[in-house]
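Undergrad: Have a look at this one before I ask anything.
The values are calculated or read from the model by the stated rules, or taken from the named source; none is laboratory data. Source: prediction; values computed, not measured. Note that we place each Cβ from the backbone using ideal geometry, even for glycine, and neighbour counts take in every protein chain shown. The protein model used for the area step is the full one, side chains on, heavy atoms only, and it has no ligands, DNA or RNA in it. Shrake-Rupley method; radii C 1.70, N 1.55, O 1.52, S 1.80 Å.
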Amino acid sequence: AVVSTQSTGSVWNTSQSTTPATVKRKRTVKKERATGESKHTKMEQLTLDLGQRTEPTQCLQCGMVYTSSVPEDERNHASFHKRFLKACSFSGWKSERVVEEYHDGRIILVNQNDPKSHVRKMEDVREVVDLDLGITDRAPVPVAKELQAFLYISNANKVIAAAFVEHIEKGYPCISVHSPDDTGKLPLLKTADTAMKAVCGVSRLWVFKQCRRKKVASRLMDCVRANFVFGCTISKVKIAFSDPTENGRLLAQVYCGTGNFLIYR
């Protein structure tokens, strides 16, 4: 018999070849599909990019804003949170020097002649205030009688605001504009060359984030003016601020009633 090479049913039709090599390859492909294995290098995906957005979170207890998905942020928050709760928790003292009482709390005065436990609390609060305000170059503690702290204690026994003040002799009028520029930031702080007489220097003025815009800072400053010098209420023009933040500049302008409030160094 003669086999035609033009026949579509040729036994050598390569499209339907079932040689041993082909069969082996088919078995290998089936195995790879079944087990998910291949000869290529295996890749491991460590994170899932689903297009989600990670928004900053503000802690309701310590007020710190951080990103929970960033390990470094989480560590910083854990450290600050612990220090904040320890410093701002206040169980009360038998010998408190209460200078003013309000419906939501009281203001006490602490100085460096007070008992050591009182001074330690003042320094603990100052430390977390510095961290919250971004003050990294903390100065040594002033000598006795120079530094006083007015602490605003809430009815929940928490320090929600603090003013650290000291005696000074002069300050320099601020000549900067306190309106944000096109970028939303305030211009650099500038002062006049001629000094003016001042009495009280506000080294730090801090209010817990969730208690701001509730007149807490104004009450605190009123207490400072009324109690810093015995038997005398200091005029607002005799108060100077030390390197205020942007929020501090706006507060000083509103409280003092002028953009030319005093700055001291």
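Undergrad: Rounded, prolate or oblate, given the Cα gyration tensor of segment 144-184, with a/c below 1.5 counting as rounded? Could you put the intermediate results ahead of the total?
TA: Values: a/c = 5.14, a/b = 1.36, b/c = 3.79.
Because a/c hits 1.5 or more and a/b fails to exceed b/c, segment 144-184 counts as oblate.
Undergrad: Once Rh is set to the Kirkwood radius over Cα pairs, what Stokes-Einstein translational diffusion coefficient, in µm²/s, holds for segment 184-265 at a temperature of 4 °C and a viscosity of 1.567 mPa s? Could the numbers behind the result be given before it?
TA: Numbers: Rh = 13.5 Å.
Answer, rounded: 96 µm²/s.
Undergrad: Quick one: of Lys121/Lys215; Lys158/Lys214; Lys116/Lys209; Lys86/Lys215, which pairs are farther than 27 Å apart, Cα to Cα?
TA: Numbers: Lys121/Lys215 24 Å; Lys158/Lys214 16 Å; Lys116/Lys209 29 Å; Lys86/Lys215 25 Å.
The answer is Lys116/Lys209.
Undergrad: Mind ranking 159-167, 238-246 by how tightly packed they are, going by the mean number of other C-beta atoms within 10 angstrom, highest first? Don't jump to the answer; show the numbers that get you there.
TA: Details: 159-167: 22.4, 238-246: 19.4.
Put in order of decreasing packing, that is 159-167, 238-246.
Undergrad: Please compute P(r) over all alpha-carbon pairs of segment 109-265, binned at 5 Å starting from zero, and give each bin as a whole-number percent.
TA: Each 5 Å bin holds this share of Cα pairs: 2, 8, 18, 22, 22, 17, 8, 3, 1, 0, 0.
Undergrad: For Tyr102, put the label point 7 Å out on the Cα→Cβ axis and report which residues of segment 189-230 keep their amide N under 18 Å from it.
TA: 204-228
Undergrad: Modelled label-to-label distance, Leu133 and Ala156, 7 Å Cα→beta-carbon offset: nm?
TA: Rounded to a tenth, the inter-label distance reads 2.4 nm.
Undergrad: Run down the aspartates and glutamates and flag those whose C-alpha is under 18 Å from the C-alpha of Lys238, throwing out any fewer than 8 positions away in its chain.
TA: Glu146, Glu166, Glu169, Asp193, Asp222
Undergrad: Next question. How large a share of the accessible area of segment 126-256, in percent, is made up of carbon and sulfur atoms when the probe is 1.4 Å and the other protein chains stay in place? Write out the running numbers ahead of the final one.
TA: Values: 3790 of 7050 Å².
Exposed carbon and sulfur together represent 54 percent of the surface.
Undergrad: What is the calculated FRET efficiency for Lys190 to Ser235, with r their C-beta to C-beta distance and R₀ = 22 Å, to the nearest 0.05?
TA: On the way: r = 24 Å, r/R0 = 1.07.
That pair, Lys190 with Ser235, gives E of 0.40.
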